[in-house]
């Protein structure tokens, strides 16, 4: 992976040009592609550190690009789109986008969001002195290897899903609000949506709970937040 390369997928030449200009001024290398299918082909051969992605694209739209990317890896995605409806934003987060910015936008704000996303998506390394594994019945968290197993089967978690689960598991039965989890897992940011926590909890339940609708470990405390029941 090129640690400084941002892929911008945008079919409006003026938008692609201004985004590229500001990102390069901020010290990033930038690749601009104006077609969704071409972007998918490029992603098969390259690993950018982050993708700025328009939704309405020729070839393949942003939803399809996000779906295929999330099937392969956890490369951070910022959706950049003229679609301002709340349901579109929620759908983007549900599919795995890390942030969502609507047009018209401030190029400087986009650069700030790129930096914020990169800060909060870096894996958190475990302390050398801590316990290497945590076991809760059929659920095992391998801290050193950053692996999670359920009934002996490894579950694929994103970096932030793992960090969120580990944080809650380290504080069993302690209730955390969404704002507290945002601050402790993602770091302070004016841009991240608190709904991100809800989305990550839902994804975790689908991966580690036998019945996500009746979770045993990741419990909701209504009106307050979430807790881990060991």
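The values are calculated or read from the model by the stated rules, or taken from the named source; none is laboratory data. Here the structure is a predicted model, which means the values were calculated and not measured. Note: ideal-geometry Cβ built from the backbone for every residue, glycine included; neighbour counts use all protein chains shown.
Observations, loosely collected:
- Residue that is under 23 Å from residue 195 (Cβ atoms) and in the same structural domain as residue 105 (by TED's automatic domain parsing), where the choices are 11, 34, 54: 54
- Scanning the range 31-71 for residues that are over 22 Å from residue 17 (Cα atoms), in contact (Cβ under 8 Å) with a residue 12 or more places away in the chain and out of contact with any strand residue (DSSP E or B) (no Cβ under 9 Å at 6 or more places or on another chain) returns 63, 64, 67, 68.
- Single residue of 47, 64 found to be over 19 Å from residue 112 (Cα atoms) and either at pLDDT below 90 or not in a helix (DSSP H, G or I) (or both): 47
- Residues located in the range 33-59, provided they are surrounded by fewer than 18 Cβ atoms within 10 Å (Cβ to Cβ) and within 20 Å of residue 98 (Cα to Cα): 40, 46, 47, 56
- Residue satisfying all of: in the range 73-87; surrounded by fewer than 17 Cβ atoms within 10 Å (Cβ to Cβ) and either outside the structural domain of residue 53 (by TED's automatic domain parsing) or closer than 20 Å to residue 194 by Cβ (or both); modelled with the lowest pLDDT among these: 84
- Helices (runs of 4 or more DSSP H) enclosed by the range 144-230 - at least 3 residues per element that are over 22 Å from residue 71 (Cα atoms), touching a strand residue (DSSP E or B) at 6+ places or on another chain (Cβ under 9 Å) and not assigned by TED's automatic domain parsing to the domain that holds residue 97: 159-170, 178-181
- Some residue of the range 14-29 being assigned to a strand (DSSP E or B), farther than 18 Å from residue 105 by Cα and touching a strand residue (DSSP E or B) at 6+ places or on another chain (Cβ under 6 Å): yes
- A single entry from 59, 92, 96 fulfils the requirement of being over 13 Å from the mean Cα position of the chain (by Cα) and not assigned by TED's automatic domain parsing to the domain that holds residue 161: 59.
- Residue within the range 94-106 that is part of a helix (DSSP H, G or I) and modelled with pLDDT under 90 present: yes
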